[in-house]
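Colleague: The structure under discussion is supplied below as structure tokens; questions concerning it will follow.
Only the coordinates and a few stated rules stand behind these numbers; no lab work does. Since we're looking at a predicted model, the values are computed, not measured. Here Cβ is always computed from backbone atoms with ideal geometry, including for glycine, and neighbour counts include all displayed protein chains.
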Amino acid sequence: MKTLLRRQLLSRASTGFGMAALAGLMQEQAASAAPLVHRAKRFAPKARSVIFLYMSGGVSQVDSFDPKPLLEKYAGQPMPGEVKKTQFNNPGTVQPSHWGFKNYGKSGIPVSDLFPHIGSVVDELSIVRSMTAKFSEHAQGNYFMHTGFPFLGNPSAGAWASYGLGTESRDLPAYMVLQAGEARPPHGGVGLYSNGFLPAQHQASIVQADEAEAVANIRPRQSLGLQRKQLDFIGSMDRRFVSTTRHDMNVEAAIQNYEMAWRMQSAVPELCDISGESAATRKLYGLDDPEPNKAAYARQCLLARRLVERGVRFIELSVLGYNIGGGNASNPWDHHSAIKEGHGKVAHQIDQPIAALIKDLKARGLLDSTLLVWGGEFGRTPFAQGANGRDHNPFGFTTWMAGGGVKGGHIYGATDDFGYNAVENVSSVYDLWATVLHLLGLDHEQLTYRFSGRDLRLTDVHGNVLRDIIA
């Protein structure tokens, strides 16, 4: 006697039972069954969601969160000691910061005048001043920061978080990337948000936060009833096919993506409709700021909070660029010349909205369960490139985290007296993601996927949890 699999039975049973229940069962079962989602959690999580505030292009650490008074003493002189090869090999003399620093909060941590609003919430930040990366070119650096590898084809950190934990939202994907205005993916393109070799439902969904149609084709082009009948028909055919393939993960993922897309038709417009937000909230974020890039980034920050409220697991925001000193839509912080003007404009765009996001999450009781991660692919040199820019510097730069189980008002690691090389508690991108996964309740060494004969992971064969920053 031939044994019927459960899904075969459901698809062949009476239409009243099979078709009415199958869509919901497929979603619930697929979300909890390997290989679509990895369920080997090892820790009680401190964070439920991550907001990745990605600063593409390379923020200057000595102009933001890592003051170096010695730069003033040596201003205009050749850099003492070894000067390593840079991206453009046009090193100038030592260049002090173009901004003063002030001590903020009970912790008294110094933050530059680039970020007065973020300075006001410094007691929520755990600042890592000793981050290092392996690559000094943008595309490689962006891939490395997102995936742990310098090339296309590997899953992004958001995809790993989705694979490790699934989503708490029935109507929205676990991993979403927000864009607005003229924001573009960093150099490397949309592959930075890829699921790589993981099942397809773990790739990012990109939302144009200020567009009338925030996701392409999200508005139904036909009646929902007809669309539902078509989806059920396609789903029934797919399920019959997948039962003959020993439940191939790619077909399973496609079925799940169809169902998610159906539900997103109502969830995404509701998410992006911020008409119900109060005037105080709009003012807090700067939603009505006359600077369009700032207003666009403010909308992203507000939607990030709304996504957290809806149970989305991993959210990435996109900074908008200015055509100054090398900075552009893909690399907004990349100022090889005119760094004072370029960094000043981009900082004005993000400073108030990010601080507002932290304050808003805290006021709503969400900051303790939401981990914010801020940083880019590398930092910048303490000496000038040419006359008034800074070149790429992966040897020692700053990232920070807030909420989600980290110590607030805390500094970890240090660079040398010039802010050039990390010298104390030297940290890596692998350590960063090992720590993020740990705070999400995942052991980074156990979160693996078998591909091409090897158990692969976000941290490759490296990474240590930065336990000193965990509360």
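Colleague: What list do you get for F135, F151 if you sort them by fewest beta carbons within 10 Å?
Modeller: Final ranking by Cβ density, sparse to dense: F151, F135.
Colleague: As a footprinting exposure proxy, order H336, H202 by other Cβ within 10 Å, with the fewest listed first.
Modeller: Ordered by Cβ neighbours within 10 Å, fewest first: H336, H202.
Colleague: Enumerate the amide H contacts of F451 below 5 Å, restricted to partners 5 or more residues apart or on another chain; note that Pro and chain-start residues carry no placed amide H.
Modeller: Here the answer is L456, since their amide H atoms fall under 5 Å of that of F451.
Colleague: Still on this structure, I have one more. Which lysines have a Cα lying under 28 Å from the Cα of K294, excluding residues fewer than 8 positions away in the same chain?
Modeller: Straight-line reach from K294, under 28 Å: K102, K283, K340, K345, K359, K362.
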